[in-house]
1. Quote the Stokes-Einstein diffusion coefficient, in whole µm² s⁻¹, for the chain, based on the Kirkwood radius over alpha carbon pairs, a temperature of 4 °C and a viscosity of 1.567 mPa s.
2. Could you give me the ³J(HN,Hα) list for region 195-212, computed from phi with Karplus coefficients 6.51, -1.76, 1.60 and θ = phi - 60°, whole Hz, x at Gly and Pro?
3. Past 24 Å, Cα to Cα, is the threshold; run 67/222; 10/128; 52/192; 128/226; 15/105 against it and keep the listed order.
4. Roughly speaking, what is the centre-to-centre gap between region 1-42 and region 49-77 when only Cα atoms are used, to the nearest Å?
5. Using amide H atoms built 1.01 Å from N in the peptide plane, name the residues 5+ places from residue 2, or on other chains, whose amide H lies under 5 Å from its own.
6. Quick check on packing: order 32-38, 106-112, 118-124 by the mean number of other C-beta atoms within 10 Å, highest mean leading.
7. Using only DSSP helix segments of four residues or longer, with each worth -39500 (n - 2.57), what per-residue ellipticity at 222 nm results for the chain after dividing by its residue count and rounding to 500?
Amino acid sequence: MVIVARSEDKLLQLKKEIEQQYSVKVIVISSDLTNSNATLEIYQTIKKIDLKIDYLINNAGFGGLGKFYERSLEDDVAMINLNIIALTTLTRLFLPDFVKRNNGKILNVSSTASLMPGPLQAVYFATKAYASSFSNAIAAELYDTNITVTNLMPGATATEFGKISGMDKTEMFKKTASAYQVALEGYNGMLKGKLDVISGLTTMQKIMIWSIPFSPKKMVLKITKKLQEVKND
């Protein structure tokens with residue numbers, strides 16, 4: 001297993017836990033995926049040690065609350081670099097190897113946010129719409145192969161995302177799904193070659209998601225904005 005993130009200390013701790021619990025070798029690559037050259041360096045590192053990758057899981061991403069014109073441009077560009085550019089380039093770098101072997105699976109972590117525009121998280125929702133569209137499109141390109149691409153769309157999930165983005169103080173994150181359960185459903189969906197996996201939604205959220213295509217867009221935008229407004233204690 002190869003695990004990649006910025007924090008080397010956290011990666012090393014995770015490596016220790018995984019190796020002890022599952023008796024597998026874990027390779028750590030500390031890298032900031034918002035940097036333009038990071039994905040190629042990761043790919044070259046893996047090729048250098050002659051490691052064959054069977055499953056590619058693009059899970060890195062972040063969001064951030066606020067009106068678009070008030071938010072830091074630097075933060076939103078970094079978000080695009082991570083949520084779109086890194087996901088796209090890693091997929092492009094590893095996919096030819098999968099095609100050459102005619103074997104491999106890709107799991108791209110998008111979000112139910114991809115199903116609608118997101119006032120107060122305009123860039124984040126848009127990046128996830130890209131991730132879902134991109135994943136579905138290349139999955140169709142690979143229908144005549146043994147390679148699958150699965151698009152995981154979680155709802156609000158109990159991870160550091162909520163705290164870092166500020167979403168933990170909103171109605172949308174009032175009830176969150178288990179990160180373990182979402183990851184398990186996404187992984188199993190990938191193994192089965194599913195096109196889309198929606199996970200971590202309450203009954204009311206499922207009804208809302210189902211009704212989006214049939215609802216007036218202005219109403220959807222108003223509800224989404226309200227769900228993302230920070231609630232003061």
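Bear in mind that the values in this text are calculations on the coordinates, not laboratory data. Just so we're clear, the structure is a prediction, and the values are computed from it rather than from any experiment. Cβ coordinates were reconstructed from backbone atoms using ideal geometry, including for glycine residues, and neighbour counts include every protein chain displayed.
1. Working: Rh = 18.7 Å.
Result for D is 69 µm²/s.
2. Karplus values, whole Hz, x for Gly and Pro: 6, 10, 10, 9, 9, x, 9, 6, 4, 5, 5, 4, 5, 5, 4, 4, 7, 3.
3. Values: 67/222 14 Å; 10/128 26 Å; 52/192 21 Å; 128/226 20 Å; 15/105 22 Å.
Beyond 24 Å between Cα atoms: 10/128.
4. Answer, in whole Å: 16.
5. 27
6. On the way: 32-38: 15.9, 106-112: 25.0, 118-124: 22.1.
Ranked by mean Cβ neighbours within 10 Å, highest first: 106-112, 118-124, 32-38.
7. Values: 9 runs with 108 residues, N = 233.
Theoretical 222 nm ellipticity from helices: -14500 deg cm²/dmol.
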